[in-house]
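Quick notes on the structure that follows.
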Amino acid sequence: MAFPLPRGITPPEIAFLAEMEQVNIVPRQRLEGLELLGGPVEPLLPPRRATLPLWLALLLKRQRRANIVPPSWLHPEALSLILEIETQHSDYQNAFSPPPPLPGQPSVRDRETQQTPVAMPRSTQDGERYYASPPFLPQNVARDYIPPGEPPSLPYHWLEVGNVLLDAASDDLVDPDQTRRLLKELREVRMAKFRAGTDVLDAAAIGGGGVALTGVGAMEIGEGRGFVTGVVDGLRKIGASKEQARREQMAEDMANGGYGATQEDDDEMEF
Amino acid sequence: MDIDDILASVDRDANIQTPESATLDHQLLTRFWVAERAVSELLPWPASLMDRIMERVRRQIEAIEDLAASSGDPTASTNTNNATLNLKLSILQTDLARTQYLIRSLLRQRLSKLTKHSMHYLLLISPNHNTSQHTQSSQSSQTQQQQPEDSVPTPDDMANTSPLSPQETSFIHAHQTLLARHYGSSFLSTFPPQLRRLDDNAGGTSMVQGPEGKEAVFVRCLVDEVGVVVPPGDGVEEEMVGTGMRMGDVWVVRWEGVRGAWERGEVEIL
């Protein structure tokens with residue numbers, strides 16, 4: 001047995017991943033900059049704010065060497081707004097509230113004005129394109145300036161970061177009890193949506209199909225992974241012979257009708 | 001050549017040991033680990049990335065040892081100095097342990113996939129196996145000395161071993177040879193010689209099982225738009241495009257439908 005864990009990262013591994021999120025701290029002591037394997041760490045000069053990975057911020061917090069600045073979204077006001085979007089907003093009755101935009105992606109508000117997203121890749125040393133994504137985006141830093149009209153949004157690792165900060169740094173948060181209650185409510189609302197979504201899992205069992213879960217959190221995927229992949233794979237096996245028959249029929253049609261006929265079919269499907 | 005290409009080439013030529021490259025490599029390693037943990041098949045070994053990371057780990061261990069040695073020196077340090085040094089050491093060691101955990105989990109996951117479908121991967125990296133199998137079987141029909149380990153293909157040293165690393169290649173060959181010999185001595189030797197092969201495909205059904213590419217995975221789309229494809233098969237010769245994913249979307253789709261997009265870095269596995 002080389003490796004006993006099931007496929008797909010498990011909840012402890014997701015928590016490990018969430019500890020790579022960047023947070024802001026206010027250091028209480030000086031420390032020179034360090035070269036870590038995960039990248040350089042800026043020098044700590046109290047009372048200047050610094051941005052560190054969460055695991056390092058927690059290490060310093062537990063030794064009372066720093067205070068953590070809570071992320072902008074981890075605030076009773078922002079959380080109740082998100083909860084309102086999740087429960088009251090008609091667009092999100094069956095969907096999760098929109099996640100924070102990726103770099104180059106217009107915010108939810110600008111998407112209505114038909115702004116097209118422009119992905120901004122970096123180049124790796126092997127010459128491949130790399131698009132940054134959570135946990136390596138500043139989704140959990142305390143933002144001093146929030147553009148007016150931009151709704152707050154839950155970052156990808158919201159549940160893990162929220163809980164770990166409530167555990168280890170509740171004295172740094174604004175109204176921790178209220179925050180804890182709101183996080184619990186959000187979790188329940190979103191879990192209900194996740195469960196309601198199992199009805200449409202058929203779509204992912206067909207070749208070329210899929211089920212959208214945009215806005216889902218990492219831990220929510222971790223909890224639902226075994227169930228969702230199990231159902232989808234089960235449905236795929238049940239429908240395998242039907243799918244094969246459909247594909248063979250399609251191949252026959254293509255052979256009979258030639259290239260022109262398939263073109264027409266494609267057009268019909270699109271409109 | 002546009003400005004992006006020029007910038008990209010400058011990026012590439014930058015010194016390997018810059019701090020920025022450490023950050024980027026760490027992110028790439030993390031993303032690769034998550035993907036390797038989620039996908040049913042073995043992903044191509046990122047040789048140059050792993051070489052850079054292992055080199056950095058080696059240097060970091062040396063740096064930590066140097067620091068630890070200096071903290072043990074009683075004459076050179078005062079009390080406050082010692083406290084900061086200990087803090088620094090504990091941060092560096094935590095960081096090292098986290099990276100080592102990632103590497104260890106990644107390697108063990110790969111070994112588990114390799115041993116589960118060992119014959120499949122051995123056949124995959126031994127391109128000339130079919131011809132040798134033919135000569136072997138004609139010989140064995142004369143000699144009647146067919147052993148199970150004869151059916152284990154030998155990877156060519158010079159050949160491209162993707163998706164396996166060279167170390168994994170030698171491991172999997174040794175593993176499968178031992179396994180075949182064990183099967184042979186414990187029960188296969190009592191079978192008729194023509195039934196002793198481990199890659200039998202009598203009746204059109206191959207007994208070598210590979211990973212299931214149709215299994216569902218969670219993906220996030222990182223570019224403007226990515227289509228979920230249906231690879232050719234079942235008589236349909238061309239690739240078909242199904243549902244489209246937009247930037248920032250998270251989807252549950254078949255792994256084979258997004259494998260190409262993953263290789264181009266346009267989606268990430270969650």
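May I ask you to say which residue of B:Ser118, B:Ser189, B:Ser185 is modelled with pLDDT of 70 or more and within 14 Å of chain A (Cβ to nearest Cβ)?
On the way: B:Ser189 fails: within 14 Å of chain A (Cβ to nearest Cβ); B:Ser185 fails: within 14 Å of chain A (Cβ to nearest Cβ).
Of the residues listed, the single one that is modelled with pLDDT of 70 or more and within 14 Å of chain A (Cβ to nearest Cβ) is B:Ser118.
In this structure, is A:Asp167 surrounded by fewer than 21 Cβ atoms within 10 Å (Cβ to Cβ) and free of Cβ contacts under 8 Å to residues at least 24 places away in the same chain?
Details: surrounded by fewer than 21 Cβ atoms within 10 Å (Cβ to Cβ): yes; free of Cβ contacts under 8 Å to residues at least 24 places away in the same chain: yes.
Yes; evaluated as a whole, the condition is true for this residue.
If you go through segment A:203-221, how many residues are within 7 Å of chain B (Cβ to nearest Cβ), part of a helix (DSSP H, G or I) and over 13 Å from the mean Cα position of the chain (by Cα)?
1
Conditions tested, residue by residue: (1) in contact with a Lys or Arg (Cβ under 7 Å, 6 or more places away or on another chain); (2) touching a residue at least 60 places away in the same chain (Cβ under 8 Å).
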{"site": "B:Asn160", "(1), (2)": "no, no"}
{"site": "B:Ser186", "(1), (2)": "no, no"}
{"site": "B:Leu198", "(1), (2)": "no, yes"}
{"site": "B:Gly210", "(1), (2)": "no, yes"}
{"site": "B:Leu222", "(1), (2)": "no, no"}
{"site": "B:Val236", "(1), (2)": "yes, no"}
{"site": "B:Met247", "(1), (2)": "no, no"}
{"site": "B:Val258", "(1), (2)": "no, no"}
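If the Cβ limit is 6 Å and pairs must be 6+ apart or interchain, which residue in segment A:189-203 that is within 16 Å of A:Ser97 (Cα to Cα) pairs with which residue that is of a type in the set (Gly, Ala, Ser) and at pLDDT 85 or above?
A:Phe194/A:Gly224
Please find, within segment A:6-22, the residue that is farthest from A:Gly226 (Cα to Cα) out of those that are at the interface with another protein chain (Cβ under 8 Å from one of its Cβ atoms) and aliphatic (A, V, I, L, M).
A:Met20
With the requirement that a residue be over 19 Å from B:Leu198 (Cβ atoms) and either of a type in the set (S, T, N, Q) or modelled with pLDDT of 75 or more (or both), what does segment B:132-167 give you?
Applying the first criterion (over 19 Å from B:Leu198 (Cβ atoms)) to segment B:132-167 yields B:142, B:156-163, B:165-167.
B:Gln142, B:Asn160, B:Thr161, B:Ser162, B:Pro163, B:Ser165, B:Pro166, B:Gln167 - these are the residues of segment B:132-167 that are over 19 Å from B:Leu198 (Cβ atoms) and either of a type in the set (S, T, N, Q) or modelled with pLDDT of 75 or more (or both).
So, A:Pro12, is that one loosely packed, with under 15 Cβ neighbours inside 10 Å and part of a helix (DSSP H, G or I) or not?
Details: loosely packed, with under 15 Cβ neighbours inside 10 Å: yes; part of a helix (DSSP H, G or I): yes.
Considered against the rule, which asks whether it is loosely packed, with under 15 Cβ neighbours inside 10 Å and part of a helix (DSSP H, G or I), A:Pro12 comes out as yes.
Hey, could you check segment A:188-202 for residues that are more than 8 Å from every other protein chain (Cβ to nearest Cβ) and aliphatic (A, V, I, L, M) and say which is nearest to A:Gly239 (Cα to Cα)?
Top of the filtered list is A:Val200.
In segment A:68-90, which residues are crowded, with 19+ Cβ neighbours inside 10 Å and either of a type in the set (Asp, Glu) or under 16 Å from A:Leu31 (Cβ atoms) (or both)?
A:Ile68, A:Glu86
Those residues that are touching a helix residue (DSSP H, G or I) at 6+ places or on another chain (Cβ under 9 Å) and surrounded by fewer than 21 Cβ atoms within 10 Å (Cβ to Cβ), I need them from segment B:212-228; list them, please.
B:Glu212, B:Gly213, B:Lys214, B:Glu215, B:Gly227
For segment A:65-76, enumerate the residues that are of a type outside the set (Val, Ile, Thr) and closer than 15 Å to A:Gly162 by Cβ. Lay out the reasoning, then the answer.
Taking segment A:65-76 as the starting set, the residues that turn out to be of a type outside the set (Val, Ile, Thr) are A:65-67, A:70-76.
A:Pro70, A:Pro71, A:Ser72, A:Trp73, A:Leu74, A:His75, A:Pro76, listed by residue number.
Are there strands (runs of 3 or more DSSP E) fully within segment A:23-118 with at least 3 residues that are without any contact (Cβ under 8 Å) to a residue 24 or more places away in the chain and within 13 Å of another protein chain (Cβ to nearest Cβ)? List them.
So the answer is A:34-36, A:39-41.
Of everything in segment A:204-220 that's of a type outside the set (Gly, Ala, Ser) and free of Cβ contacts under 8 Å to residues at least 40 places away in the same chain, which residue is nearest to B:Ala38 (Cα to Cα)?
Of the residues in segment A:204-220, the ones of a type outside the set (Gly, Ala, Ser) are A:206, A:211, A:213-214, A:216, A:219-220.
Restricting the remaining residues to those that are free of Cβ contacts under 8 Å to residues at least 40 places away in the same chain gives A:206, A:211.
Details: A:Ile206: 20, A:Val211: 17 Å.
It comes out as A:Val211.
Please work out if A:Val141 is assigned to a helix (DSSP H, G or I), more than 14 Å from chain B (Cβ to nearest Cβ) and more than 16 Å from A:Glu77 (Cα to Cα).
Details: assigned to a helix (DSSP H, G or I): no; more than 14 Å from chain B (Cβ to nearest Cβ): yes; more than 16 Å from A:Glu77 (Cα to Cα): yes.
Considered against the rule, which asks whether it is assigned to a helix (DSSP H, G or I), more than 14 Å from chain B (Cβ to nearest Cβ) and more than 16 Å from A:Glu77 (Cα to Cα), A:Val141 comes out as no.
Going through B:Gln194, B:Gln176 one at a time, which residue ends up being modelled with pLDDT under 80 and either of a type in the set (S, T, N, Q) or assigned to a loop (DSSP other than H, G, I, E, B) (or both)?
Numbers: B:Gln176 fails: modelled with pLDDT under 80.
Answer to the check: B:Gln194.
If you go through segment B:238-269, how many residues are in contact with a strand residue (DSSP E or B) (Cβ under 7 Å, 6 or more places away or on another chain), assigned to a helix (DSSP H, G or I) and under 14 Å from B:Leu222 (Cα atoms)?
Of the residues in segment B:238-269, 4 are in contact with a strand residue (DSSP E or B) (Cβ under 7 Å, 6 or more places away or on another chain), assigned to a helix (DSSP H, G or I) and under 14 Å from B:Leu222 (Cα atoms).
Pull up segment B:213-228, narrow it to residues that are part of a strand (DSSP E or B) and within 7 Å of another protein chain (Cβ to nearest Cβ), then point me to the one that is nearest to A:Gly208 (Cα to Cα).
Here is the first cut: in segment B:213-228, the residues part of a strand (DSSP E or B) are B:216-221, B:225-228.
Cutting the leftovers down to within 7 Å of another protein chain (Cβ to nearest Cβ) gives us B:216, B:218, B:220, B:228.
On the way: B:Ala216: 11, B:Phe218: 14, B:Arg220: 16, B:Val228: 5 Å.
Among those that are part of a strand (DSSP E or B) and within 7 Å of another protein chain (Cβ to nearest Cβ), it is B:Val228.
So, B:Arg254, is that one of a type in the set (D, E, K, R), buried (at least 18 other Cβ atoms within 10 Å of the Cβ) and closer than 12 Å to A:Gly209 by Cβ or not? Can you show your working first?
On the way: of a type in the set (D, E, K, R): yes; buried (at least 18 other Cβ atoms within 10 Å of the Cβ): yes; closer than 12 Å to A:Gly209 by Cβ: yes.
Here the answer is yes, as B:Arg254 does meet what is asked.
The values are calculated or read from the model by the stated rules, or taken from the named source; none is laboratory data. This is a predicted model, so every value here is computed, not measured. Using ideal geometry, Cβ is built from the backbone for each residue, glycine included, and neighbour counts are taken over all protein chains shown.
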